[in-house]
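A.B. asks: Dropping a structure here in structure tokens format, bear with me for questions.
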Amino acid sequence: MEIAHAEDGPARLRSVFISDFHLGTPGARADLLLEFLDQLECEQLYLVGDVIDGWRLRKSWYWTPEFDAVLRAIFAQARRGARVTFIPGNHDEMFREWIGLEIAGITLAAEAVHVGADGRRFLVMHGDEFDGVIRHMKFLAHMGDRAYAVALHLNRWFNVVRRRLGYSYWSLSQWLKRQVKEAVKTVDRFETALTGEARRRGLDGVICGHIHHAEMRMVRGMLYMNSGDWVESCTALVEHADGRFELLDWQELRQKRSQPVLAAG
């Protein structure tokens, strides 16, 4: 299913799922994420892992005031009454030691079962548990992380040139990933493994992050939904009051409208 580019945002969303901010890295789009959070009104907010990039911060410290602002905006959501659930991923796995705790209105959980407005039930998890490289060859995951950082650096300069020529943003790094057949096969195995786990538990589908590829489609009769990331795609998975799910592309939305698109009317 295509990512939605809705003209009008709803007054209040039932649930919102966002993941893979990677705060602590130069590639994190904290500016766009902060815009989204400041305009967001929802009943439930799920942070589906890799909020803070502990891998990168352990190597070299990189932190900006915008990253602090994003964290404050998340805590503000909890203060305004949203039920906030944080499911740590592999890059912020240090928070898995705190599973079960509630901090300033934010509940830390290894996973969750989200019950939609229409009664459907979905397994919510980051997804690295079903990534063979993460589970069995972590050193390769770290090598891939470094390669991805290089691709993002090239991507920034590539788009500087595009903007000067009058062209819109285009992701070189995502295009490169799609050209690698083995990467495509890995994504397919990942989707199949997660939906298989949801089926085993008697659920209706799965909601995850981890692979930085926003998607919503049926996989072997199960609904697979990936919220994407806030490094390149800047997408969120949202649930409307009637139980309908939609992928929102924030960069497209902000280009189409200069007024807040998620604020209450």
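A.B. asks: Looking at the stretch 84-95, which of the residues that are surrounded by 14 or more Cβ atoms within 10 Å (Cβ to Cβ) and either in contact with a Pro (Cβ under 9 Å, 6 or more places away or on another chain) or in contact (Cβ under 8 Å) with a residue 60 or more places away in the chain (or both) is nearest to ARG56 (Cα to Cα)?
C.D. replies: Of everything passing the filter in the stretch 84-95, HIS91 is nearest to ARG56 (Cα to Cα).
A.B. asks: Need pairs with beta-carbon distance below 7 Å; first residue in contact (Cβ under 8 Å) with a residue 12 or more places away in the chain and within the stretch 66-83, second polar (S, T, N, Q) and surrounded by 14 or more Cβ atoms within 10 Å (Cβ to Cβ); sequence gap 6+ or separate chains.
C.D. replies: Note: pairs meeting the criteria are ALA82/GLN44; ARG83/GLN44.
A.B. asks: Being of a type in the set (Ser, Thr, Tyr) and in a loop (DSSP other than H, G, I, E, B) is the filter; apply it to the stretch 197-237 and report the residue that is surrounded by the most Cβ atoms within 10 Å (Cβ to Cβ).
C.D. replies: Once the filter is applied, the top-ranked residue is SER227.
A.B. asks: Quick one: would you say PRO88 is at pLDDT 95 or above and under 22 Å from SER233 (Cα atoms)?
C.D. replies: Against the criterion (at pLDDT 95 or above and under 22 Å from SER233 (Cα atoms)), PRO88 qualifies.
A.B. asks: When you go through LEU223, LEU194, LEU165, LEU140 one by one, which is the residue that is modelled with pLDDT of 70 or more and touching a helix residue (DSSP H, G or I) at 6+ places or on another chain (Cβ under 6 Å)?
C.D. replies: Going through LEU223, LEU194, LEU165, LEU140 in turn, just one is modelled with pLDDT of 70 or more and touching a helix residue (DSSP H, G or I) at 6+ places or on another chain (Cβ under 6 Å): LEU194.
A.B. asks: Could you identify the single residue in ASP118, ASP68 that is modelled with pLDDT of 95 or more, within 19 Å of ILE207 (Cα to Cα) and surrounded by fewer than 18 Cβ atoms within 10 Å (Cβ to Cβ)?
C.D. replies: Result of the check over ASP118, ASP68: ASP118.
The values are calculated or read from the model by the stated rules, or taken from the named source; none is laboratory data. Quantities reported herein were computed from a predicted structural model and do not represent experimental measurements. Neighbour counts are summed over all protein chains in view; Cβ atoms, including those assigned to glycine, are modelled from backbone coordinates with ideal geometry.
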